[in-house]
């Protein structure tokens, strides 16, 4: 083996190994088949290393490309999810706002449907209009008892002029309201009974013995002025 050829081959091996150490696999050329000599066995080993390094580098690039693609897909998916989350949160805020509005309106309607008027210092007037179902009866009772307790009311005039139809349930609710007020030391007076309603109460066997009954609100007020002068302001 000539010295010049040996030096050239050795220099090429040295350069190849140096570039491999620097990670420059892409620019490495294929090492030619080595001749049958001691240096050739080293060249063969280096050739195998170059092939393995190129294969590993290619696999690494493919893996990195796949990871980059997955990352981009995750970023895109996260952006979509964030947008959906913002929309859902906006919808929830809108629903909460609507629910609050509905509740406020319902509260206002309840107050309008159960107005409790302070006529004199310890005399309240409770006008009832329409039917009295279970939920409304509870609202009326709670509102009335709360007002009685707060104002130490002695008399409550329950005016049912606006009640057209009375059934057993409605009559029972009226009696329960009167009894609840009595437990707080408050007397009730019922006014505005229509003839048809009075007949219904009689036919249903509803007892109003514990309730003061007057034809209308005017007569009830007159009775209180004459019979309960201390109730006036």
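Read the figures in this text as sums done on the coordinates, not as results from a lab. Predicted model, so just to flag it, every value in this text is computed and none were measured. Cβ coordinates were reconstructed from backbone atoms using ideal geometry, including for glycine residues, and neighbour counts include every protein chain displayed.
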Quickly work out the residue 96-to-residue 194 label distance, labels modelled 7 Å from Cα along the C-beta direction, and quote it in nm with one decimal. 4.6 nm
Relative pair counts by distance (%), Cα atoms of segment 114-231, 5 Å bins: 2, 12, 24, 26, 21, 11, 4, 0
Computed FRET value (nearest 0.05) for residue 63 with residue 88, which takes r as the C-beta separation and R₀ as 35 Å: 0.45
